[in-house]
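One structure is given here, and the rest of the page talks about it.
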Amino acid sequence: MCRSIKALRPPTTPEVTDEDIRAAALQYVRKVSGFRAPAAHNREVFDQAVDTVAAATQELLNGLQIRGSAARRQAQP
């Protein structure tokens, strides 16, 4: 569906910034809504959707347990 959204979890992406998460959320909301930029009367709900998706994405990434990631971190100098 959203081919331009990249994977944001380790080890695919070692450092994920708030900007990365917001960009992915924006792409998702654009795709689902069908609007690249919403009209003024839809701006508030559009922006709120981006914020909600970004927060859900951050929560997901914080909760994921990646197998072997602790072992890899300990093995690195």
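Odds and ends about this structure:
- Of all residues in segment 1-30, those satisfying the criterion of being surrounded by 12 or more Cβ atoms within 10 Å (Cβ to Cβ), part of a helix (DSSP H, G or I) and of a type outside the set (S, T, N, Q) are ASP20, ILE21, ARG22, ALA23, ALA24, ALA25, LEU26, TYR28, VAL29, ARG30.
- Boolean, SER33 is open to solvent by less than 80 Å² (accessible area, probe 1.4 Å) and either at pLDDT 95 or above or at negative phi (or both): yes
- Residue that is most open to solvent (accessible area, probe 1.4 Å), among those in segment 36-65 that are charged (D, E, K, R) and over 16 Å from ARG9 (Cα atoms): ARG36
The values are calculated or read from the model by the stated rules, or taken from the named source; none is laboratory data. Model, not experiment: these values are computed from the prediction. Positions of Cβ are generated from backbone atoms using ideal geometry, with glycine treated the same way; all protein chains shown enter the neighbour counts. The accessibility values were calculated without ligands, DNA or RNA, using every heavy atom of the protein model including side chains. Shrake-Rupley method; radii C 1.70, N 1.55, O 1.52, S 1.80 Å.
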